[in-house]
1. Where in segment 221-295 are the strands (runs of 3 or more DSSP E), entirely inside, with at least 1 residues that are over 20 Å from THR144 (Cα atoms)?
2. Can you find a residue that is open to solvent by less than 70 Å² (accessible area, probe 1.4 Å), under 30 Å from GLY251 (Cβ atoms) and among the aromatic types (Phe, Trp, Tyr) anywhere in segment 401-420?
3. Pairs under 8 Å by beta carbon, first residue closer than 12 Å to PHE15 by Cβ in segment 65-76, partner of a type in the set (D, E, K, R) and open to solvent by 30 Å² or more (accessible area, probe 1.4 Å), six or more apart or different chains?
4. Which residue, of LYS252, LYS229, is over 18 Å from ASP24 (Cβ atoms), open to solvent by less than 20 Å² (accessible area, probe 1.4 Å) and not small (Gly, Ala, Ser)?
5. Considering (1) polar (S, T, N, Q); (2) in a loop (DSSP other than H, G, I, E, B); (3) buried (at least 18 other Cβ atoms within 10 Å of the Cβ), say which one THR207 fails and leave the rest.
6. Within segment 378-398, is even one residue open to solvent by 30 Å² or more (accessible area, probe 1.4 Å), out of contact with any helix residue (DSSP H, G or I) (no Cβ under 6 Å at 6 or more places or on another chain), under 30 Å from LEU282 (Cβ atoms) and charged (D, E, K, R)?
7. Out of segment 377-408, which residues are of a type outside the set (Lys, Arg), touching a residue at least 24 places away in the same chain (Cβ under 8 Å) and in contact with an Asp or Glu (Cβ under 7 Å, 6 or more places away or on another chain)?
8. So, of the residues in segment 112-164 that are in contact with a helix residue (DSSP H, G or I) (Cβ under 7 Å, 6 or more places away or on another chain) and part of a strand (DSSP E or B), which turns out to be least open to solvent (accessible area, probe 1.4 Å)?
Amino acid sequence: MLDNDLIQSTSSWPFVEIRKLLKDRKEIISKKDKITFQTGYGPSGLPHIGTFGEVARTTMMINALNHIQKTNYELITFSDDMDGLRKVPDNISNDKVLKDNLGKPLTAIPDPFKKFNSFGEHNNEMLKEFLNKFNFEFIFKSSTENYKSGVFNNSLLRVLEKYEDIMSIILPTLREERRKTYCPFLPICPKTGKVLEIPLIEMNKKTGKVIFDNGSEKLETKIFDGNCKLQWKVDWAMRWFTFDVDFEMYGKDLTESAILSSKICRSLGKIPPNGFAYELFLDEKGEKISKSKGNGISIEQWLRYASPESLSLYMYPNPKRAKKLYSEVVPKTVDEYLSYIEKFPDQKEKDQILNPVWHVHNGKPPKEKIVMPFSMLLNLVGSSNADNKEILWKFINKFHKEIKPSEYPILDGLTEYAINYFKDKVEP
């Protein structure tokens, strides 16, 4: 445990947010003896760095929590994989199967990569694989599984009971035409398998039976067991209600949605979680990174050019300031990481907590003398024409005869990253 005065006074944002959370929800946390964190992901496209950022930053808060008090906690990573596919992502080449299945839940669309049972499952597995590379501790939850297994049934009935209250929250935010047909429940069409947005004309709040106007015919179903899903803002609130979520961060573009979902969560009968709106990630043109476009640098690319720790470090400073994410950012970030590692041992404890590597390594950053910055290593790759780490080490040893790869694991890892980056980005 850190010194309590230090914990209470530091301006390091994970500590600031955890202090606020523990104060705001003291009674709630005490009653259930657990803190529930949640991150959300829409698998309508391949996972991107923004999704990783939510998990990384929430984990930094959990690390701060562990230095304040011993508390049970869980981190839910939720996939909204029952959402209907609205458009085909630009970054998927074999996309005919997606075009043929527009409107269907993501877990009901065949996998265009032919690796998993569905497009939604493919993207979910990619996300879990990425997060596991960083050794994050999380509980993965699938929207489809929770709807179909009945986990949400009681909460769905609660939404139906509070139907009028929810409509009074949502309708004023919609255009006049949309108000005429809006319904919090989206039935899954038994004929086409598509997620429908059609008006509700009859409901039974005790049995959960609902009847929709589907144009030339009526569609009668029940809200339970995956026959219906909820509209996005209501769905978000319902998750908070079901899982007793205490904290969730989200992109600044979802601020208005978070306000409405908080009102809906209150109408269902629970206090909404503490929120944290972070600024968006941008590509080199200053455009928002999108999973449907695949713009900016991907997680795989970053991990080809630099360590997982450097990516985590990039997520730490100033979450409320927009960040540009493209390949040219990588060398600068790696050099910053090396600089912070070098400074850490000589800093006072109050400054160490403000050092990003404290949060990247949960208070225990590696101890290694930094021999050369990444930028110099890239120059060395160019001048030596090295295409493997053994050749590059021979050139490193010309300048630093006494050092060995086994004694300098950070530098040894950087040799491979430098060769990859030079081949892909500098040489062309």
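The values are calculated or read from the model by the stated rules, or taken from the named source; none is laboratory data. Source: prediction; values computed, not measured. Here the Cβ positions follow ideal geometry from the backbone for every residue, glycine too, while neighbour counts run over all protein chains shown. With ligands, DNA and RNA removed, areas are computed over all heavy atoms of the protein, side chains included. Shrake-Rupley method; radii C 1.70, N 1.55, O 1.52, S 1.80 Å.
1. Numbers: elements: 228-230, 247-251, 274-278.
The qualifying strands (runs of 3 or more DSSP E) are 247-251, 274-278.
2. Taking every residue of segment 401-420 in turn, at least one turns out to be open to solvent by less than 70 Å² (accessible area, probe 1.4 Å), under 30 Å from GLY251 (Cβ atoms) and among the aromatic types (Phe, Trp, Tyr).
3. That search, which allows pairs on different chains as well, returns ILE68/ARG19.
4. None of the others qualify; the one that does is LYS229.
5. Here THR207 meets the rest and fails (3).
6. no
7. Within segment 377-408, just TYR408 meets the criteria.
8. Per the stated criteria, the residue is SER142.
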